[in-house]
Every structure is written in C-alpha cells, then in structure tokens.
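See below for the structure under consideration.
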Amino acid sequence: MIAASADNVVKTYGSGDTVVHALAGVSIGFRSGEFTAIMGPSGSGKSTLMHCLAGLDTVTDGTVAIGDVNLNGLGDKEMTKLRRDRIGFVFQAFNLVPTLTAEENITLPQGIAGRDVDREWFDTVVDRLGIRQRLTHRPSELSGGQQQRVACARALVGRPDIIFGDEPTGNLDSRSSGEVLDILRAATDEFNQTVVIVTHDPRAASYADRVVFLADGKIVRELQRPTADDVF
Ligand code: ADP
Ligand code: ADP
C-alpha cells in the first residue's frame, strides 16, 4: 500500500523577478512500513517537499496524497482532521507544552482528538525511548535529548499511518539519536507505519530503507538500504 505520494509536484515562492523554484517536478511514493530519508544540500527543497506531503504547505502544481486522499482539494477543517488522525510529526525543535508533564504532552493529541490511549503501545514506546522515569517531569526539567524522546513518543503514541521528521536527530547526542532512530525503525518494522525524515545525519540515513537525494528541487539519486559510508 502507498502511504503517501507526490506526483509531479512543483512549488514556487514569490513571483516575477524574485520567483524561487523550490520544487521543480518531484514524483515519489512512500510504501507502508517503509523508512525513507531525504538528503541534499541546504536549499534543495527537502523541507518544502516534506511540508507539502504533510499538508503544511500547498503545492503550486501537481498533486500530493496521503493514502488515497488527494490533499489538493481539502479544506482547512478536513486537512486538520487528516493530520490529526493519520500523521505524526517530529521536529528539530521539540515543541513541547512547557506547563504540562512529559506524560501529559505525550497523550495531549489523543485527548484533543477524543481518542483513548492504547496503554500497551504507550508502555512500549516509553520503555523503548527510556523515558519511563521522566513521565512526571516538565520539559524544563528534561535535557534536550529527553525532550526529543518525549516529542517522539507524542508523535508515535497515536499510531499514525505516517510520521514526518524534520532533522529528528539534529540536536541530539549519539545515545539519544540511537534511541530515537531505533523507535522509528520499530514503528516501521513492527507496526507497519511509514517514516519519512529530512536529515543531514549519515547515521540517521543508515537506518532508512531508502535515501532520496534532492538537488535544485529535483530528485537526483536514490539509494536502497544504504550504509553510513554510502551517504557521507
Ligand atoms: P532545504 O530544506 O533543502 O534546505 P527548502 O525547502 O527550505 O530547502 O528551500 C528550498 C528553496 O525554497 C530555497 O531556495 C529557499 O530559500 C526557498 N524557500 C523556502 N521557503 C520559502 C518561503 N517561505 N519563501 C520564499 N522562499 C522560500
Ligand atoms: P541527553 O543528556 O538526554 O543525552 P543532551 O544533554 O545531549 O541530552 O542535550 C542535547 C541538547 O539539548 C544540548 O545541546 C544541550 O545543550 C541541550 N539541553 C540540555 N539540557 C537542556 C535543558 N534542560 N533545556 C534545554 N536544552 C537543554
């Protein structure tokens, strides 16, 4: 099954003399259970592609779909519901709510969506990420690595079909990176979730099934099951 796809996506910013072609015709599919890393130089369109796929930005031309839902025609309300039900996000900046404990942050989206938390999966995620002892702490009482693991748990606990990560290991030390990457890998292997990350981190890319390289708004190369050496 295809969890998300882009078909001939063009994205331009600005107009006239100042127009920027951030995406110049990108077509790609993401299968259920597949872990894809998007790499490429700064300004090559990685974030734009991810934002378009996740419905955080609109395309100028072409189509993007989550499952079989074409995002182009969706209104704000439908887009919000689709994001809430089917998409998880992990950002480089952790975006936790400072007044809530780690556990409250993790389960907040489920509460907003009016869904029960799957306690077994919650326990699996929390133990895998090594944050069991931190659940009653507020973000200010946690290290950066701990905060990112909480943000990951929040993205994963609702079992979204697809998880988008923007440099999810960008601010982390090696141990925290490993824990975050292990849980993303487990999400694909054990729960058939789909993971798409933008990264500069060769180690992160080595966890992926596939690395897609962008340059000047186009896909220029694709590697299957790369090692860290392949992507340096
Ligand atoms: P990457 O994530 O690979 O660094 P981006 O997707 O952020 O690349 O950017 C691709 C191109 O689009 C760059 O030239 C960038 O300057 C431009 N761009 C991105 N966002 C905007 C914006 N909101 N307004 C104008 N130009 C933008
Ligand atoms: P851990 O100890 O869980 O491995 P780190 O100490 O590596 O996490 O923290 C990663 C980044 O977050 C570092 O750049 C660090 O300066 C920053 N950081 C650490 N503690 C905090 C904190 N309490 N609040 C905000 N940032 C922090």
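Each value in this text was obtained by applying a stated rule to the coordinates, not by laboratory testing. Treat the numbers as computed from the prediction; the structure is a model and nothing was measured. Glycine also receives a Cβ, built like all others from the backbone with ideal geometry; neighbour counts cover every protein chain displayed.
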* Structure fact -> the range 66-81 and the range 158-232 have their Cα centres apart by a whole-number Å value of 25 Å
* Structure fact -> As straight-line cross-link partners of Lys11, the qualifying lysines (C-alpha separation under 23 Å, not fewer than 8 residues apart within one chain) are Lys46, Lys77, Lys218
* Asked: Which far-off residues, 5 or more places away or on another chain, put their amide H under 5 Å from the one on Arg31, with H placed in the peptide plane?
  -> Ala3
* FRET efficiency, Val10 to Glu78 (Cβ-Cβ, R0 22 Å, nearest 0.05) -> 0.45
* Tell me, what ³J(HN,Hα) does each residue in the range 212-217 have, in order and in whole Hz, if you take phi through Karplus 6.51 cos²θ - 1.76 cosθ + 1.60 with θ = phi - 60° and put x for Gly and Pro? -> 10, 9, 9, 8, 6, x
* For the range 59-156, what is the charge dipole size about the Cα centre, in debye to the nearest 20, if Lys and Arg each add +1 at the Cβ and Asp and Glu each add -1 at the Cβ? -> 220 debye
* **Neighbourhood charge, 10 Å Cβ-Cβ cut-off, centred on Tyr207 and excluding it, Lys, Arg +1 and Asp, Glu -1** => -1
* Each residue of the range 24-38 in order: what ³J(HN,Hα) in whole Hz does its phi give by Karplus 6.51 cos²θ - 1.76 cosθ + 1.60, θ = phi - 60°, with x for Gly and Pro? -> 10, x, 10, 10, 6, x, 10, 7, 4, x, 9, 10, 10, 10, 9
* Under a point-charge model restricted to the Cβ atoms of Lys and Arg (+1) and Asp and Glu (-1), what is the dipole moment magnitude of the range 68-116 relative to its Cα centre, in debye to the nearest 20? -> 120 debye
* Under 5 Å, built H, 5+ apart or other chain: amide partners of Val90 -> Phe164, Gly165, Asp166
* Structure fact -> Cβ-Cβ cut-off under 11 Å around Gln224, Lys and Arg +1, Asp and Glu -1: the net charge is -2
* Where does the chain land on the Kirkwood hydrodynamic radius, alpha-carbon pairs, in angstrom? -> 18.0 Å
* Asked: So for the range 55-100, taking the charge dipole from beta-carbon charges (+1 Lys/Arg, -1 Asp/Glu), which of Leu71, Val97, Ile87 sits furthest toward the positive end?
  -> Val97
* To do: Would you mind telling me the antiparallel percentage of the DSSP bridges in the chain, rounded to 5?
  => 55 percent
* **Check: the range 158-232 dipole with +1 on Lys, Arg Cβ and -1 on Asp, Glu Cβ, in debye** => 120 debye
* What's the FRET efficiency of Arg185 with Glu222 using the Cβ-Cβ distance as r and R₀ = 25 Å, to the nearest 0.05? -> 0.80
* ³J(HN,Hα), Karplus 6.51/-1.76/1.60, whole Hz, each residue of the range 166-182, x for Gly, Pro -> 9, 6, x, 9, x, 10, 10, 6, 5, 5, 5, 4, x, 5, 5, 5, 4
